[in-house]
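Reviewing the structure listed below.
A short reminder: the numbers here are calculations on the coordinates, not readings from a lab. None of these values were measured; they are calculated from a predicted model. Cβ atoms come from the backbone with ideal geometry, glycine included; neighbour counts cover every protein chain shown.
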Amino acid sequence: MGNWGTAQIQPGNRHPLYAFVHLARLLLALLLLAGCRAAPAIVTPQGPAGEAISNLWWTLLAMGGAVYVVVMGFMLVALFRRRQEPDEQRALRPGLARVIWLGGLVVPAVILFAVDGLTVGVLRALADPSAAPVMTIRVVGRQWWWEVHYPEYQVVTANEVHLPVGQPVEIELVSDDVIHSFWVPELHGKLDLNPGMTNRFWLQADVAGEYWGECAEFCGVQHAKMQFIVVAEPAEQLAAWLDQQRQPAPAPTEPVAQRGLEVFLESGCMNCHTIAGTAATGRLGPDLTHLASRRMLAAASVANNRGNLGGWIMDPQHIKPGNFMPPTDLTGTELQALLEYLSTLE
Ligand code: CUA
């Protein structure tokens, strides 16, 4: 080994503490930036699976942090302590081999086995819910949105997964095109949706509310705008929601809305979208039977309001470039009539 005296490794003969000051600055900046993200993280779990994952994350962070502190401590000592003896003599010092075996093999092995044991334990705990799932929800990944089926209730919706609070549900995941990944950070880990196979896991939210979900596998240009919302609600509320979602769309009664339905059926919308109770049975895009009941549009890209919906219909490529919905050339009157009709689809 050469001479690792401090003067040689610091460019410009700076004090060796500079490196650590820079590192500390970088870590601080990262911490501050992490605070900018409003989306929920795995560190605020709201269900049993999320909690198990979060606990594991904190444990691994603590272990990694301890290892980091110890290693950095040794490095500081090595940087600042003056070499007492020449290398040849040092190599012969009794006990040095023991330090190398202990620090280089035994301690890392113990730590790695502990990490392995903890991880396998959590994986086992995540494999099955504590109780039998109360319903099955089938989620189909599409570029770039989520089709959500409740097979036992004949309900199809998009980009919104409703489940009963405090009870596990089974999630079946399939893909229609490429690989996607279903992730609700506060409730569970990620699971892929693969074309040609069905993956299953479970979700449980212990606190009523809305949870952010997103695609966690790069799946094309609009991967970042492939999001969804999980709504955990009391069982009665969920039953009422399912009941409402099962109903076909009512025939519009107002003349403007009636005209809007005509626009929908004449302008090509029906080739891709279904509205139960009408002649529209397209399957390429989201089912719109209860569009007005949804919180957001375009896989949770923008809020579901009249302005955004109008903008989406006229120029969807502006909001989500590369998506498969073509622009429309409706007149202002046609658009307003269409929006009027769509607003009746509660
Ligand atoms: Cu779907 Cu990324």
- Query: Quick one: of the DSSP bridges fully inside the chain, what percent are antiparallel, nearest 5?
  - Reply: 70 percent
- Task: First check a/c for segment 131-271, with a ≥ b ≥ c the square roots of the eigenvalues of its C-alpha gyration tensor; if it is under 1.5, answer rounded, and if not, answer prolate when a/b is larger than b/c or oblate otherwise.
- Result: oblate
- Note on the structure: For the chain, the helices passing both cut-offs (Cα extent along own axis of 20 Å or more, Kyte-Doolittle mean at least -1.0, full DSSP H runs) are 17-34, 48-80, 107-127
- Query: Summing +1 for each Lys or Arg and -1 for each Asp or Glu, what net charge is found among the other residues whose Cβ lies under 12 Å from the Cβ of VAL155?
  - Reply: -3
- Message: If packing is taken as the average number of other Cβ atoms within 10 Å across a peptide's residues, how do 262-269, 161-168 rank, most packed first?
- Response: 161-168, 262-269
- Query: When averaged across all projection directions, what area in nm² does the alpha-carbon convex hull of the chain cover?
  - Reply: 24.2 nm²
- With θ set to phi - 60°, apply the Karplus curve 6.51 cos²θ - 1.76 cosθ + 1.60 along segment 248-253 and write out the HN-Hα couplings as whole Hz, x wherever there is a Gly or Pro. x, 5, x, 5, x, 9
- Run the quick spin-label model on GLN317 and ALA78: label points 7 Å from Cα toward the beta carbon, then report their separation in nm to one decimal. 5.8 nm
- The long-range amide H neighbours of GLN167, using H built 1.01 Å from N in the peptide plane and a cut-off of under 5 Å, are ALA205
- Query: How much length is gained on full extension from VAL71 to ARG98, taking 0.36 nm per residue of separation minus their Cα-Cα distance?
  - Reply: 8.0 nm
- Hey, what do the phi angles of segment 186-197 turn into as Karplus ³J(HN,Hα) couplings, whole Hz, using 6.51/-1.76/1.60 and θ = phi - 60°, x for Gly and Pro? 7, 10, 6, x, 8, 9, 6, 10, 10, x, x, 8
- Message: Relative contact order of the chain, please, whole-number percent, based on alpha carbon pairs below 8 angstrom and at least 6 residues apart.
- Response: 14 percent
- Note on the structure: Most exposed to least, judged by fewest other Cβ atoms within 10 Å, ILE179, ILE171 sort to ILE179, ILE171
- Item | Chain lengthening between ASP243 and GLU51 when straightened (0.36 nm per residue, less Cα-Cα) | 65.9 nm
- Item | Calculated [θ] (222 nm, deg cm²/dmol) that DSSP helices of n ≥ 4 give over the chain, each run adding -39,500 (n - 2.57) | -12000 deg cm²/dmol
- Message: How much length would be gained if the chain were fully extended between ASN271 and VAL110, taking 0.36 nm per residue of separation minus their Cα-Cα distance, in nm to one decimal?
- Response: 51.9 nm
- Task: Would you mind telling me which residue in MET197, MET314, MET75 has the biggest mean-square fluctuation in a Gaussian network model of the chain, where springs connect alpha carbons within a distance under 10 angstrom?
- Result: MET75
- What is the spin-label model distance, in nm, from THR59 to THR253 if the labels are put 7 Å beyond Cα along the C-beta direction? 6.0 nm
- Where the centroid of each part is defined by its Cα atoms, how far is segment 225-303 from segment 150-187 in Å? 17 Å
- For the chain, modelled as a GNM with alpha-carbon contacts under 10 angstrom, which of GLY95, GLY277, GLY307 fluctuates the most? GLY95
- Note on the structure: Ranked by GNM mean-square fluctuation in the chain (Cα springs under 10 Å), the top entry among TRP144, TRP57, TRP202 is TRP57
